[in-house]
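Trainee: Take a look at the following structure, please.
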Amino acid sequence: MRTDIFARLDREPEPPKIETPRMSRHRIALFGGTLAFYVAIVVAVLVSSWLVALDWKVMLFRPYQQWPGLHAFLDYYVVLGQRGPTAVMVASWLGWRSWRQHTLRPLLTLGTSLLLLNVSVGAVKLGLGRLGPHYATQIGSAELFAGGDIFPSGHTANAVVTWGILAYLATTPRARRYLSALSAFVSLGVGLTTVYIGTHWLSDVLLGWAAGLLILLALPWFEPLVTRAEVLILSVREQWRARRRLRTSAPSAPAAPEPVLLPQALGGGKGAEAAQEAASMVAVPDSPAAAGHPGAGARARAHQTHPVRSERTPVTPAGSRRPPHADRAPRSGGSPARPVTGGSVAP
């Protein structure tokens with residue numbers, strides 16, 4: 001059983017070296033040709049040329065009535081061009097790639113492309129104000145500057161950008177070719193589906209394809225901005241992690257001792273002695289007074305203040321221990337014995 005397929009789901013040990021696309025001559029030529037096509041479509045609609053007449057012929061043909069069996073399937077297929085669902089699907093895939101490859105470039109590139117899409121397509125939509133086929137008021141008219149917002153087709157442009165970004169971020173030429181073909185097929189089908197159900201003119205779809213392709217071709221110009229944004233975000237993340245580690249590793253400060261409030265003595269005597277004894281108990285927390293009678297604490301303090309005598313061998317005195325008296329004569333060996341009171345004295 002092969003296990004290398006599941007090994008690709010693991011995170012890579014270090015970011016891979018992916019070559020970012022550059023604005024080569026070939027890309028610049030494609031960008032210029034697409035821009036010219038974009039301007040030609042806008043001018044053709046503004047002057048109500050043959051393109052507007054073709055829009056009306058397709059609309060009056062009513063494809064959804066010609067092939068009604070496709071309507072149920074195409075109602076679901078057109079969701080591949082809606083911005084919300086497609087952005088969630090593609091962002092999930094690119095988010096996994098960002099985690100696996102240790103880089104934010106896929107997500108930042110997607111965000112940049114969607115921002116460019118909203119600004120460019122949204123500005124043209126609101127500026128021209130074209131009405132859709134279902135709200136058209138005059139046959140043969142371009143329906144411009146009437147408060148609409150369907151020119152160019154947002155579904156088509158979003159399909160080109162959202163699915164084309166996968167091919168733009170591909171890491172191998174083979175994957176880039178396959179994803180380019182897939183994104184072209186999806187965006188082409190989404191554009192024709194909007195024409196089938198009657199929500200867009202054919203010229204709307206043509207301009208939507210051009211608008212989305214212009215964004216994909218212009219993305220290499222924004223690669224330095226994406227790189228700076230990635231460096232900034234990663235540096236902020238490292239600073240936040242460093243502060244968090246510092247907070248967790250810092251030792252907690254010792255708690256300050258709380259003062260003990262003693263009752264004020266009403267007068268001298270026993271009240272003052274009790275206050276002094278309580279203060280001495282607080283000062284000597286390890287004394288026996290903390291567990292027994294207060295008198296035991298006083299005795300313990302007296303014992304602690306008394307100096308300890310060194311151990312020595314007792315010396316037995318040789319003579320008498322009675323102190324001498326100054327008014328008495330010292331005894332001599334030949335003096336007569338003292339007579340006993342009340343007895344007779346020998347002659």
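The values are calculated or read from the model by the stated rules, or taken from the named source; none is laboratory data. Source: prediction; values computed, not measured. Quick reminder, even Gly has a Cβ in these numbers, built from the backbone with ideal geometry, and neighbours come from all protein chains shown. Please note that ligands, DNA and RNA were not included when accessible areas were found on the heavy atoms of the full protein model with its side chains. Shrake-Rupley method; radii C 1.70, N 1.55, O 1.52, S 1.80 Å.
Trainee: Can you check how the C-alpha radius of gyration of region 154-231 compares to 2.2 N^0.38 Å, as a plain ratio?
Mentor: Normalised Cα radius of gyration, region 154-231: 1.23.
Trainee: From the backbone phi of region 98-105, what are the Karplus-calculated ³J(HN,Hα) couplings (6.51 cos²θ - 1.76 cosθ + 1.60, θ = phi - 60°) in whole Hz, Gly and Pro given as x?
Mentor: Those phi angles translate into 5, 5, 5, 9, 6, 8, 9, 4 Hz.
Trainee: For region 158-240, what is the accessible area per residue in Å², given a 1.4 Å probe and the full set of protein chains?
Mentor: Numbers: 3670 Å² over 83 residues.
In whole numbers, region 158-240 has 44 Å² accessible per residue.
Trainee: Next question. Taking Cα centroids, how far is region 71-85 from region 200-216 in Å?
Mentor: Measuring centre to centre over Cα atoms gives 17 Å.
Trainee: At 1.4 Å probe radius, can you tell me the per residue accessible area of region 65-108 in Å²?
Mentor: 59
Trainee: Rounded to a whole number, what % of the accessible area of region 15-98 do carbon and sulfur atoms account for, probe 1.4 Å?
Mentor: Reported share for carbon and sulfur atoms: 69 percent.
Trainee: Could the peptides 163-169, 149-155 be put in order, highest first, of the mean number of other beta-carbon atoms found within 10 Å of their residues?
Mentor: Answer by packing, highest mean first, reads 149-155, 163-169.
Trainee: Let me ask something additional. Ignoring ligands and nucleic acids, what accessible area does Thr137 show with a 1.4 Å probe (Å², nearest 10)?
Mentor: Thr137 has an accessible surface of roughly 110 Å² with all protein chains in place.
Trainee: What relative contact order, as a whole-number percentage, does region 84-196 give when Cα pairs under 8 Å and 6 or more residues apart are counted?
Mentor: This gives 21 percent for region 84-196.
Trainee: In whole Hz, with x marking every Gly and Pro, tabulate ³J(HN,Hα) for region 165-173 from phi via Karplus 6.51 cos²θ - 1.76 cosθ + 1.60, θ = phi - 60°.
Mentor: Residue by residue, region 165-173 yields 5, 5, 5, 5, 8, 5, 9, 10, x Hz.
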